[in-house]
Amino acid sequence: MRIILLGPPGAGKGTQAELLSKKLGIPKISTGDILREEVEKGSELGVKAKEKMEKGELVDDELIFAILKERLKRDDCKNGYILDGFPRNIEQAEKFYKLFNDQQELVIEISVNRDEIIKRLTSRRICKNCGAICNILLTKPKINNKCDECGGELIIRDDDKEDVINRRLKVYEEETKPLVNYYQRKGNYFRVVGESDIEEIFNRIYAIIKGNMRRFAERRGDYL
Ligand code: AMP
């Protein structure tokens with residue numbers, strides 16, 4: 001089963017994908033994380049992506065497909081995976097659908113209102129060392145500005161600055177939000193409100209996944 005987490009930046013897709021990955025034993029694939037690693041390394045791909053990312057705009061579809069296809073070749077993907085941050089527009093969704101065309105996609109939107117998103121993103125910090133995400137309003141780090149996981153320095157992501165946040169939200173509304181309609185029509189779409197606590201949201205998402213597992217297994221012919 002391929003699980004697609006849809007939702008605006010700051011909806012909690014990364015956090016939920018991480019929890020689901022542990023629970024289901026399948027990897028979380030975040031195109032944003034992969035791109036940030038490439039930018040950090042200074043690779044050719046990272047150089048190409050950097051400018052768009054800093055402005056809060058979408059990186060070219062071709063580049064995204066190149067990194068995604070490479071990632072999906074790894075062995076850990078054979079039993080499924082959770083996508084966080086992909087697809088970001090109809091073109092990506094269509095192209096991805098055509099790669100498999102086996103009705104094994106489950107799409108879960110995490111919806112959060114705009115004021116809450118801005119509050120979350122402006123208080124989000126990321127560990128420079130291990131990439132762990134925290135929120136200084138919700139889960140205050142034990143030591144100021146230090147990561148609870150590894151003690152690394154906590155920094156603000158370049159694209160979590162307020163002007164870039166506004167741009168990212170506009171891009172989401174214009175390019176990504178139409179995917180809700182797209183997947184609703186396909187009939188593999190579910191929505192959870194992402195404004196309660198992390199565990200409660202996780203339980204709701206997990207219930208949706210469990211409720212669909214049999215349907216997906218039957219489609220694969222596992223119960224025949
Ligand atoms: P994220 O961590 O998912 O918020 O992604 C951070 C940035 O990476 C986005 O603002 C885009 O510039 C870029 N990005 C991540 N995933 C995609 C994608 N599927 N398509 C285009 N750009 C992406």
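Each value in this text was obtained by applying a stated rule to the coordinates, not by laboratory testing. Computed from a predicted model, the values in this text were never measured in an experiment. All Cβ positions, glycine included, derive from the backbone under ideal geometry; neighbour counts span all protein chains shown.
Please give every one of the lysines within straight-line cross-link reach of Lys142, meaning a C-alpha to C-alpha distance under 20 Å, and leave out same-chain neighbours fewer than 8 residues apart.
In chain and number order, the partners are Lys128.
Quick check: residue separation of Cys150 and Glu174 times 0.36 nm, minus the Cα distance between them. What number comes out in nm?
Separation in residues times 0.36 nm, less the Cα-Cα distance, equals 4.9 nm.
Nearest 5 is fine: what % of DSSP beta bridges in the range 103-224 come out antiparallel, could you say?
Here the share of antiparallel DSSP bridges comes out near 55 percent.
Counting just the Cα atoms, what span does the range 156-220 cover along each of its three principal axes? Round to the nearest Å and put the largest first.
Extents along the principal axes: 47, 29, 18 Å.
Just rank Cys134, Cys147, fewest to most, by other beta-carbon atoms within 10 angstrom.
Cys134, Cys147
I'd like the Karplus ³J(HN,Hα) series for the range 95-108: coefficients 6.51, -1.76, 1.60, θ = phi - 60°, whole numbers in Hz, and an x wherever there's a Gly or Pro.
5, 5, 4, 5, 4, 10, 6, 10, 6, 10, 9, 10, 10, 10
For the chain, with a Gaussian network of springs between Cα atoms less than 10 Å apart, report the residue from Lys78, Lys48, Lys161 with the top mean-square fluctuation.
Lys78
Using the basic label-point model (7 angstrom from Cα toward the beta carbon), what is the Lys98 to Thr122 distance in nanometres?
Output for this residue pair reads 4.3 nm.
Is any residue of the range 24-43 close enough, with backbone N under 13 Å, to a label point placed 7 angstrom from the Cα of Glu54 along the Cα-Cβ axis, and if so, which?
39-40
Subtract the Cα-Cα distance of Glu162 and Lys210 from 0.36 nm times their separation in residues, and report this length gain in nm to one decimal.
That works out to 13.5 nm of additional length.
How much length is gained on full extension from Lys69 to Ala132, taking 0.36 nm per residue of separation minus their Cα-Cα distance?
20.2 nm
Is it possible to state the helix-based mean residue ellipticity at 222 nm for the chain, with each DSSP H run of 4+ residues giving -39500 (n - 2.57), the sum divided by total residues, to the nearest 500 deg cm²/dmol? What is it?
-15000 deg cm²/dmol
Quick check on the chain: of the DSSP beta bridges with both residues there, what percent are antiparallel, nearest 5%?
If we restrict to bridges inside the chain, about 25 percent are antiparallel.
What is the order of Thr122, Thr31, Thr139, fewest Cβ neighbours within 10 Å to most?
The order, fewest Cβ neighbours first, is Thr139, Thr122, Thr31.
Taking Cα atoms, how many degrees apart are the long axis of helix 162-171 and the longest axis of the chain, rounded to 10 and kept between 0 and 90?
Value to nearest ten degrees: 20.
Any chance you could get the radius of gyration and Dmax over the Cα atoms of the range 14-113, in Å?
For the range 14-113, the Cα-based Rg and Dmax read 13.9, 37 Å.
Dividing the alpha-carbon Rg of the chain by 2.2 N^0.38 Å yields what?
Its radius of gyration relative to the 2.2 N^0.38 Å reference: 1.01.
Around Lys48, with a cut-off of 12 angstrom between Cβ atoms, what is the net charge of the other residues, counting Lys and Arg +1 and Asp and Glu -1?
Taking every Cβ under 12 Å from that of Lys48, the sum is -3.
Under the definition of Cα pairs under 8 Å and six or more residues apart, what whole-number percent is the relative contact order of the range 75-207?
Over the range 75-207, the number comes to 32 percent.
Can you give the angle from 0 to 90° between the axis of helix 31-41 and the longest principal axis of the chain, with both taken from C-alpha atoms, to the nearest 10?
Value to nearest ten degrees: 40.
Arrange the following residues from fewest to most other Cβ atoms within 10 Å of their Cβ: Tyr206, Tyr172.
With the sparsest Cβ surroundings first, the list reads Tyr206, Tyr172.
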